[in-house]
Amino acid sequence: MPALDAIIVGGGHNGLVAAAYLSRAGRRVVVLERRDHFGGAAVSEPAFAGHDALVSRYAYLVSLFPPSIARDLGLPLALLDRPVAAYAPVLREGRATGLLVESDASSAATATSFRDLTGGDAEHAAFLAFGEVAARVGRLFGTFTEPLPTCAEARGLIGAEAWRDIIERPLGETLDERFADGVVAGMIATDGLIGTFAALDEPSLRQNRCFLYHVVGERWRVPLGGMGAISGALEHAAAAAGAVLRRGAEVLAVDPGTGEVTWREGGQESSAVAGRVLANVAPAVLAGLLGDDPPPRPEGAQLKVNMLLDRLPALRSGIDPAVAFAGTFRLHEDITELQAAHAAAARGEIPQRPPAELYCHTLTDPSIVEEPRHTMTLFGLHTPARLFAHDEAAARDTLVERYLDGLDEHLAEPIRGCLARDAEGAPCVEARTPLDLERELALPGGDIFHGDLSWPWQEDGADDRWGVASAHERVLLCGAGARRGGGVSGIGGHNAAMAVLGR
């Protein structure tokens, strides 16, 4: 193989974005993917024997994928809006009720739901006011595909109030000051805890950085055809531009001095030299390939449960399940429940009432399943990898049962009676622990962000225009481990490509 302009290690969606941009610019590019298919965590697959339903097995929603990338690469993507933002079922004073937030949080139905739950309009007003503050953070999103702003530029862009309440002080302090109702505060707080094992009052502000990445983008959308539609479109774009895509090619070593990459494919070892190596793998994995000292080991903090239902369950509150499950259905996410779950997990105990968010993608995109069935995805919070270290199967099963039991508290019929059955007669339920993600996707500790998220601006004194530099000049980060990486965004791949092209 002749010398190349770039070798991309890892064929996840970010690697495909980088390959497409570089190949369209006339660069000679090879993508090496360990698995037998591309897409990384952004894939759609049949999960249950006897059913063709497509499940977004790992990543499941999109808010950070810039329209500019789709336009640049000519991607035929359709991202569908959900009619409902969120619903939190609540048992209060013996009454089954809930908090409904429509996509337009100022709607009459949302205001009525707040009033019925809290007894007045103050919490709804506070919710809208904080939404305006959080929206100012969204002004940063336009910079995500540009060279990094300075800290001062970022602060000037979002304003003093948003900087104080979201950047400078712990998220828990801000929520305590602004909200009186635990359900309302918890509904907001969880955006700081998705995949991040942190207390809301941590001085590290890891929870604040996680919150920023969950509110900085556009509204959360469902990709038509499942997450795999994004990776499929990117794979086609990269190949059409001339990139060489090699699946089943496991990278063994990277020489940062020469740019030589060695990999195993079909039982044979091969190597090639490139001017740049783009790492679409976690920094901890890259360190092993380079022979560098490893960074601190990341720790994922989520349990992903995929289900197939014969029908949607009725709810005790009387709300239409097609409304309740159309957005983010919030389980055990009162602020006190979030705090109790974190405290238990920090002690190494499985939370008694583990918090989770559920999504019924088929209410937005029925194309992925044969009617009248529905897919149901559950994303559990505060389930760090350490909980699964001793007996993974037992911990997984315990958590799944607690999720289903917790859901039953709010249902008029047991969720287990609504589950479809696979070809062997077993309930259509699969769960993925952080350790599963480490085995299947090579994510150290099962960390979906490849490590702690970073603020999306350049630190004082730094010299890394695109946020993709490694300790070696020839090697760039192009995945979630890049600054402004994380989520299904393509931003890490775009920015690494821009750095290579000198733009």
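Points to keep in mind about this one:
- Efficiency of FRET from Cβ geometry, D121 and E370, R₀ 51 Å, rounded to 0.05: 0.70
- Inter-part distance where region 206-233 and region 367-408 are each reduced to a Cα centre, Å: 20
- Value at 222 nm in deg cm²/dmol, rounded to 500, when DSSP H runs of n ≥ 4 in the chain each add -39,500 (n - 2.57): -9000 deg cm²/dmol
- Intensity falloff of region 354-503 expressed as log10 I(q)/I(0), Debye formula with alpha-carbon point scatterers, at q = 0.13, 0.15 Å⁻¹: -0.81, -0.95
- Residues in region 13-31 that a label on A3 would reach, taking backbone N under 17 Å of a point 7 Å out along Cα→Cβ: 27-30
- Counted by Cβ distance under 12 Å from A497, the other residues give a net charge of +2, where Lys and Arg count +1 and Asp and Glu count -1.
- The charge dipole of the chain, taken about its Cα centre with unit charges on the Cβ of Lys, Arg, Asp and Glu (plus for the first two, minus for the last two), comes to roughly 1060 debye.
- Taking every DSSP bridge with both residues inside the chain, close to 70 percent are antiparallel.
- Net charge of Cβ neighbours under 11 Å - reference P83; Lys, Arg +1; Asp, Glu -1: -2
- Taking 10 °C and 1.306 mPa s as conditions, region 133-212 diffuses translationally at an estimated 121 µm²/s according to Stokes-Einstein applied to its Kirkwood radius (Cα pairs).
- Charge dipole (debye, nearest 20) of region 361-503; +1 at Cβ of Lys and Arg, -1 at Cβ of Asp and Glu: 560
- Projecting the alpha carbon convex hull of region 174-236 along each direction and taking the average yields 6.0 nm².
- Summing charges over all other residues whose Cβ lies under 10 Å from the Cβ of L245, with Lys and Arg as +1 and Asp and Glu as -1, gives 0.
- Both the radius of gyration and Dmax for region 124-180 are 12.4, 40 Å, in that order, over alpha-carbon atoms.
- Whole-Hz ³J(HN,Hα) from phi, Karplus 6.51 cos²θ - 1.76 cosθ + 1.60, for region 218-225, glycine and proline x: 7, 5, 5, 10, 9, x, 4, x
- For region 42-91, the spread of Cα positions along the three principal axes, ordered from largest to smallest, is 46, 35, 17 Å.
- Between R503 and R246, the C-beta separation translates, for a Förster distance of 30 Å, into a calculated FRET efficiency of about 0.65.
- Among beta bridges that DSSP assigns inside region 1-139, antiparallel share in %, nearest 5: 70
- Computed label-point distance, nm, for sites A343 and S204 using a 7 Å Cα→Cβ extension: 2.0
- Couplings 3J(HN,Hα) of region 448-455, computed from phi: 5, 9, 6, x, 4, 5, 10, 5 Hz, in residue order, whole Hz [Karplus 6.51 cos²θ - 1.76 cosθ + 1.60, θ = phi - 60°; x for Gly and Pro].
- Shape box of region 31-132 [Cα atoms, principal axes, largest first, Å]: 57, 39, 20
- Cβ crowding within 10 Å averaged over residues, with 242-254, 16-28 ranked highest first: 16-28, 242-254
- Label reach from R139 (point 7 Å along Cα→C-beta): in region 191-218, amide nitrogens under 16 Å belong to 216-217.
- Under-5 Å amide H pairs with L476, H placed in peptide plane, nonlocal only: V277, L278, A279
- Its Cα gyration tensor gives region 241-350 an equivalent ellipsoid; the semi-axes, largest first and in whole Å, are 45, 23, 12.
- Entry comment: accessible area of region 349-430 is 40 Å² per residue, from protein heavy atoms only and a probe of 1.4 Å.
- Listed peptides 370-376, 226-232, 70-76 by packing density, highest first (mean Cβ within 10 Å): 226-232, 370-376, 70-76
- DSSP-assigned coil residues among GluC sites (Glu not before Pro) in region 418-461, each with at most 14 further Cβ atoms within 10 Å: E424, E459
- Mean-position separation - Cα centroids, region 19-34 and region 43-113, in angstrom: 32
- Taking all protein chains together and a 1.4 Å probe, the residues S204, S56 rank S204, S56 from largest to smallest accessible area.
- Cα-based Rg / Dmax (Å) for region 130-289: 21.2, 63
- Remark on region 401-444: ratio of C-alpha radius of gyration to 2.2 N^0.38 Å is 1.53.
The values are calculated or read from the model by the stated rules, or taken from the named source; none is laboratory data. Note that the coordinates shown come from a computational prediction; the quantities given were computed from them, not determined experimentally. Here Cβ is always computed from backbone atoms with ideal geometry, including for glycine, and neighbour counts include all displayed protein chains. Note: areas computed on protein heavy atoms with side chains; ligands, DNA, RNA excluded. Shrake-Rupley method; radii C 1.70, N 1.55, O 1.52, S 1.80 Å.
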